[in-house]
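The next block holds one structure in the form of structure tokens; read it before the comments.
The values are calculated or read from the model by the stated rules, or taken from the named source; none is laboratory data. This structure is a prediction, so every number in the text was calculated from the model and none was measured. Reconstructed Cβ throughout: ideal geometry from the backbone, glycine too, with neighbour counts over all protein chains shown. Side chains included, ligands, DNA and RNA excluded: accessible areas come from the protein's heavy atoms. Shrake-Rupley method; radii C 1.70, N 1.55, O 1.52, S 1.80 Å.
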Amino acid sequence: MDKTLAVLMPDMTRSYLQKIIEQGLVSVNGKPADKKTKVCLGDVIEAEIPDNEKLELEPENIPLDIAYEDDDLLVVNKPKGMVVHPAAGHYSGTLVNALLYHCGDSLSGINGVERPGIVHRIDMMTSGLLIVAKNDFAHKSLAEQIKEHSFTRRYEAVVVGNLKEDSGTVNAPIGRHPIDRKKMAVTDKNSRNAITHYDVLQRFGGNGGGSSYTHVRLTLETGRTHQIRVHMAYIGHPVVCDPVYGGAKQQFACCEGQCLHAREIEFVHPRDGRTISLTSELPKYFNDVLHKLDSKVR
């Protein structure tokens with residue numbers, strides 16, 4: 001159903017159209033539609049677009065590390081520990097609160113009142129680059145690039161164990177964990193395809209019978225919730241200090257939360273077609289982990 005609506009309403013993103021279908025705001029021939037509803041020639045499709053809710057979130061003067069900004073978008077270097085958008089238990093101090101102060105009304109509204117401007121997200125305890133749209137035109141273009149896999153997102157991580165191959169691909173579907181609903185898992189049930197490519201940057205230890213670790217670069221082909229963390233744990237190499245999926249937490253007091261950093265992004269500017277490539281320096285916590293591992297090798 002959402003595919004049909006996307007043709008009829010090209011200014012709306014697929015995710016937004018899926019939301020209004022789930023909310024019962026779409027009908028076919030007078031009957032409520034769902035995502036499996038089939039549409040035939042001659043059918044009458046009606047869609048109610050709700051009015052934008054009044055945003056009640058408070059702008060907060062929180063410093064932002066801005067890697068790039070213009071009239072259509074900005075790219076921020078999110079620190080570890082900052083929540084991207086409001087959720088239960090986190091209604092202040094989020095990136096969205098900071099963006100409302102910095103950008104005012106100049107944020108896209110496609111993702112609703114709680115996620116203005118947010119095109120994609122990274123976990124609270126993951127650091128690094130994240131793109132924000134200042135208007136719906138830019139948001140739709142960037143979302144389409146992500147959907148078509150032309151928006152490059154590269155991360156770096158330290159994982160447990162020695163990855164034997166210098167490069168590889170994890171191609172395994174991800175969905176909600178069947179028992180623990182707060183977690184994601186590799187599963188064939190109610191899942192979506194997920195693909196992560198990895199390249200080894202450096203290996204640490206393991207030769208003398210001790211613990212081994214690997215510094216890796218990870219490139220997302222898809223962008224599922226917790227994708228890198230789930231995929232690396234799935235192949236037996238969880239991200240160091242990952243509080244949910246494992247990862248030698250007790251050995252790295254310098255790293256609270258997973259040792260995972262969104263290092264590079266590359267995309268086509270929605271307005272003028274320029275290719276924009278940005279790289280973020282590894283933060284202190286990440287370098288502290290690498291230094292600790294390097295000192296063990298010597």
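With respect to Val244, determine if the residue is out of contact with any strand residue (DSSP E or B) (no Cβ under 8 Å at 6 or more places or on another chain), buried (at least 16 other Cβ atoms within 10 Å of the Cβ) and either aliphatic (A, V, I, L, M) or without any contact (Cβ under 8 Å) to a residue 12 or more places away in the chain (or both).
yes
Just to be sure, is Ile195 closer than 16 Å to Ile235 by Cβ, touching an Asp or Glu at 6+ places or on another chain (Cβ under 6 Å) and among the hydrophobic types (A, V, I, L, M, F, W, C)?
Judged against the criteria, Ile195 is a match.
Cβ contacts < 6 Å: first residue of a type in the set (Asp, Glu), restricted to segment 147-175; second residue in a strand (DSSP E or B) and open to solvent by less than 10 Å² (accessible area, probe 1.4 Å), any location; separation 6+ or different chain. Result?
Glu156/His261
Take Ala262 and decide whether it is aliphatic (A, V, I, L, M), under 17 Å from the mean Cα position of the chain (by Cα), open to solvent by less than 40 Å² (accessible area, probe 1.4 Å) and within 19 Å of His177 (Cα to Cα).
no
Using the structure shown, decide if Asp65 is under 29 Å from Asp272 (Cα atoms), charged (D, E, K, R), under 23 Å from the mean Cα position of the chain (by Cα) and open to solvent by 80 Å² or more (accessible area, probe 1.4 Å).
So Asp65 passes the test.
Can you find a residue that is over 16 Å from Val239 (Cβ atoms), of a type in the set (Ser, Thr, Tyr), open to solvent by 40 Å² or more (accessible area, probe 1.4 Å) and in contact (Cβ under 8 Å) with a residue 12 or more places away in the chain anywhere in segment 204-214?
No - not one qualifying residue is present in segment 204-214.
Does Glu60 count as surrounded by fewer than 20 Cβ atoms within 10 Å (Cβ to Cβ) and within 23 Å of Pro283 (Cβ to Cβ)?
It is true that Glu60 is surrounded by fewer than 20 Cβ atoms within 10 Å (Cβ to Cβ) and within 23 Å of Pro283 (Cβ to Cβ).
With respect to Ile228, determine if the residue is farther than 23 Å from Leu129 by Cα and either open to solvent by less than 20 Å² (accessible area, probe 1.4 Å) or more than 17 Å from the chain's Cα centre (by Cα) (or both).
no
Pick from His102, His120: which is more than 21 Å from Arg271 (Cα to Cα) and outside any strand (DSSP E or B)?
On inspection, the qualifying residue turns out to be His102.
Among what's in segment 101-147 and is under 15 Å from the mean Cα position of the chain (by Cα) and open to solvent by 60 Å² or more (accessible area, probe 1.4 Å), pick the residue that is farthest from Pro243 (Cα to Cα).
Lys147
Being of a type in the set (Asp, Glu), closer than 28 Å to Pro79 by Cα and open to solvent by 60 Å² or more (accessible area, probe 1.4 Å) is the requirement here; does Glu165 meet it?
When the stated conditions are applied, Glu165 does not pass them.
Please enumerate the residues belonging to segment 1-42 that are among the acidic types (Asp, Glu) and assigned to a loop (DSSP other than H, G, I, E, B).
Hits for segment 1-42 are Asp11, Asp34.
Which is more than 26 Å from Ile49 (Cα to Cα) and small (Gly, Ala, Ser), of Gly112, Gly93?
Gly93
Out of the residues in segment 172-193 that are assigned to a loop (DSSP other than H, G, I, E, B) and surrounded by 11 or more Cβ atoms within 10 Å (Cβ to Cβ), state the one that is modelled with the lowest pLDDT.
Pro178
What's the number of the only condition in (1) closer than 23 Å to Arg181 by Cβ; (2) of a type outside the set (A, V, I, L, M, F, W, C); (3) open to solvent by 20 Å² or more (accessible area, probe 1.4 Å); (4) modelled with pLDDT under 95 that Gln250 fails to meet?
(1)
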